[in-house]
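A quick write-up on the structure given underneath.
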Amino acid sequence: MSRVKVGDWVSFTIGTRHLIARVVTDMGNIGVNGRQLVVVAVRGNEDNGFEDTEFQMPAEELEVVEAPAA
């Protein structure tokens, strides 16, 4: 699996919500067993029920996707 890079758009699921986010920071391989951790930024909207937020995610739980339409 290729590494997730800063600037990549990614998708993932939290609970029942499928989210699209942008990778804003690569924290390196500091996770359990050397897993790559990244910080993702989610834009809040009515569809996803989130406010604008950033949080850490293991890269292996992310799928790189095309940039969303503006």
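For the stretch 15-28, give me each residue that is farther than 11 Å from LEU62 by Cβ and either among the hydrophobic types (A, V, I, L, M, F, W, C) or open to solvent by less than 30 Å² (accessible area, probe 1.4 Å) (or both).
Within the stretch 15-28, VAL24, MET27, GLY28 meet the criteria.
Residues checked against (1) of a type outside the set (Ser, Thr, Tyr); (2) loosely packed, with under 11 Cβ neighbours inside 10 Å:
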| position | (1), (2) |
| --- | --- |
| THR13 | no, yes |
| ILE30 | yes, yes |
| ARG35 | yes, no |
| ALA41 | yes, no |
| PHE50 | yes, no |
| MET57 | yes, no |
| GLU61 | yes, no |
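Just to verify a result, which residue in the stretch 1-55, among those that are touching a helix residue (DSSP H, G or I) at 6+ places or on another chain (Cβ under 8 Å) and in a loop (DSSP other than H, G, I, E, B), is farthest from GLU66 (Cα to Cα)?
Checking each candidate, the answer is ARG35.
The values are calculated or read from the model by the stated rules, or taken from the named source; none is laboratory data. The structure presented is a predicted model; accordingly, all values stated were derived computationally and were not measured. Heads up, the Cβs are rebuilt from the backbone with ideal geometry, glycines too, and the neighbour counts pull from every protein chain shown. Ligands, DNA and RNA are stripped out before the accessible areas are found, and what is left, the full protein with its side chains, is counted by its heavy atoms. Shrake-Rupley method; radii C 1.70, N 1.55, O 1.52, S 1.80 Å.
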